[in-house]
Amino acid sequence: MNDVQQRIRQTVDSDDVVLFMKGSPDFPQCGFSGRAVQVLRSCNVKFSSFDVLADEDVRQGIKEFSNWPTIPQLYVKGEFIGGSDIILDMYEKGELQKKLGA
Amino acid sequence: MVMPEDIKKWIEQGLEEARVEIEGDGRHFNAVIACPAFEGKNSVQQHQLVYGVLGDKMKSEIHALSMRTLTPAEWDSERG
C-alpha cells in the first residue's frame, strides 16, 4: 500500500462514520455531496468528513481505494457503503439507519 | 459532448443483455440499468460493474452519472 492509500485507510478508520466529499458539510461543493450530508443529518448521526478538493492525492487515490470512481463515498466502521445513489436508496429503505445504528 | 445514447451504447456493449433507460444534459445523467450479471450482487458490486465498463470515461467525459441498478426480474416487476 502506498502513502496515499495508507493515509486514506487511516482516515476511514478514524471514526465510525466517515464521508469523503467535495467541500464541507456546511458548504458542499457538489450536489451529490450535499445530498449525502443531508441524508446523514436526517439520520441524526455524528460523522467525520474529508474534503477531497483540499487534497488532490486523496481525490485521485480514493477512486482506487474502493474501486469507485465517484465522490461522495461513505464508510461505516471501516466498510465502504456506497456513493450518493446507494446512500439515498438505503436511507429510503431504512437500511442506512440500521447500518448506522441510528 | 456525450449524449445519453452514447452512454446507453457503451453500457449495452459492455454488459451482456443490459437494458438501459437514460436521460441527461451532456454533463449530468440519470440511468436505470438492468442486467443478468447483477443477479446475486449487492448495489456496490452492481455499480462497480457499470463503472468498470465505462472505465476512464467516468474520469473525463461523464461528469456525473446517477444510477439505479436492477436485476431483470426487478426491472420486469417495476414495469409490470
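The values are calculated or read from the model by the stated rules, or taken from the named source; none is laboratory data. Predicted, not measured: the structure shown is a model, and the values here were computed from it. Virtual Cβ from ideal backbone geometry, glycine too; neighbours counted across all protein chains shown. For the accessible areas, the whole protein counts, side chains as well, though only heavy atoms, and no ligand, DNA or RNA atoms are used. Shrake-Rupley method; radii C 1.70, N 1.55, O 1.52, S 1.80 Å.
Quick rundown of the values:
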{"quantity": "Modelled FRET efficiency - R0 22 Å, B:GLU17 with A:ASN67, Cβ distances, 0.05 increments", "calculated": "0.40"}
{"quantity": "Relative contact order (%) - criterion: Cα under 8 Å, at least six apart; region: region B:4-79", "calculated": "33 percent"}
{"quantity": "Accessible heavy-atom area order of B:TRP75, B:TRP10, A:TRP68, highest first, probe of 1.4 Å", "calculated": "B:TRP10, B:TRP75, A:TRP68"}
{"quantity": "Pairwise FRET efficiency - B:GLU61 versus A:GLN29, Cβ, R0 = 22 Å, nearest 0.05", "calculated": "0.60"}
{"quantity": "Helix-only [θ]222 nm of chain B, DSSP H runs n ≥ 4, -39500 (n - 2.57) each, per residue, nearest 500", "calculated": "-11500 deg cm²/dmol"}
{"quantity": "Two-site FRET efficiency, A:GLU95 against B:GLU78, from Cβ-Cβ distance with R₀ of 22 Å, rounded to 0.05", "calculated": "0.75"}
{"quantity": "Computed accessible area, B:LYS57, all protein chains, 1.4 angstrom probe, square angstrom", "calculated": "60 Å²"}
